[in-house]
Amino acid sequence: MENPEKTEVVLLACGSFNPITNMHLRLFELAKDYMNGTGKYKVIKGIISPVGDAYKKKGLISACHRVIMAELATKNSKWIEVDTWESLQKEWTETAKVLRHHQEKLEASICDPQQNSPVLEKPGRKRKWAEQKQDFSEKKSLEQTKTKGVPKVKLLCGADFLESFGVPNLWKSEDITKILGDHGLICITRAGNDAQKFIYESDVLWKHQNNIHLVNEWITNDISSTKIRRALRRGQSIRYLVPDLVQEYIEKHNLYSSESEERNVGVVLAPLQRNTTEVKA
């Protein structure tokens, strides 16, 4: 019998997705299997949130293309979707704010009884019964929300993302605390990454270690967006490394080249620029 006390979880992956790869999709499957396997959680949805153009990362192509590729990659998924909110922001948005946005959006959608289907008004008994049925439905929905609790949005990432917490001025310490303390992290570890050691060597990570879930990737997969772009620049095949629809889209629009890789060269990464300025101030 399924445990009714399980915490429902929404997996949120933030990043460039430049381009999205099969490995990005595998992260979701690995995290879902792990979290469901603990017996404490039930993953109900996955969200891919491509970063906006204002991030200013070297070689970062337009968010419009990256969002479309992510949508093509998840076209046949029953539980992973793409959200454009972060990509549409004019300024770079901190990951902690993106997590908060999705948590608040989730809470609002669950707690709002108006989202139930409207009941057609009919005269006499039928109308009264319909109103009573709607009232009962709304009351039941609110009671379930209180009992079950609102699903928790947790950040899904790879080990390299986790280790980026140690890069000077890339992250605000208070943002790391919010991410780990208020939401939690599910980290898929690659071969050669010692995530546990990194957590041990970081006081803030160690403090929140119970909210960091490390998932071993036993079937190793070293596909990365960087390697995909390199192969494309060299005219090499990327088939079976990205979804077929993504490959077709890339080829159709000739998205990655030596010229595109030079985009934002010499430009300071948005978080480094913002956090360094704030430190000086």
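Worth pointing out:
- Members of region 229-248 found to be open to solvent by less than 30 Å² (accessible area, probe 1.4 Å), in contact with a helix residue (DSSP H, G or I) (Cβ under 9 Å, 6 or more places away or on another chain) and in a helix (DSSP H, G or I), listed by number: ARG229, VAL246
- Beta carbons closer than 9 Å, at least 6 apart along the sequence or on distinct chains, pair a first residue in region 161-178 that is open to solvent by 70 Å² or more (accessible area, probe 1.4 Å) with a second that is small (Gly, Ala, Ser) and in a helix (DSSP H, G or I) for GLU174/ALA96; LYS178/ALA96.
- Counting only helices (runs of 4 or more DSSP H) wholly contained in region 120-214, the ones carrying 1 or more residues that are farther than 28 Å from ALA270 by Cα and modelled with pLDDT of 65 or more occupy 195-201.
- Count - residues of region 1-22 that are in contact with a Ser or Thr (Cβ under 9 Å, 6 or more places away or on another chain) and either open to solvent by less than 30 Å² (accessible area, probe 1.4 Å) or part of a helix (DSSP H, G or I) (or both): 10
- Filter result for the condition that a residue is touching a Lys or Arg at 6+ places or on another chain (Cβ under 8 Å), open to solvent by 30 Å² or more (accessible area, probe 1.4 Å) and charged (D, E, K, R), over LYS56, LYS32, LYS42: LYS42
- Put simply, of LEU60, LEU25 the only residue that is under 17 Å from VAL215 (Cα atoms) and either part of a loop (DSSP other than H, G, I, E, B) or touching a residue at least 40 places away in the same chain (Cβ under 8 Å) (or both) is LEU25.
The values are calculated or read from the model by the stated rules, or taken from the named source; none is laboratory data. Predicted model only: the values in this text are computed from it and were never measured. Using ideal geometry, Cβ is built from the backbone for each residue, glycine included, and neighbour counts are taken over all protein chains shown. Only protein heavy atoms, including side chains, enter the accessible area calculation; ligands, DNA and RNA are left aside. Shrake-Rupley method; radii C 1.70, N 1.55, O 1.52, S 1.80 Å.
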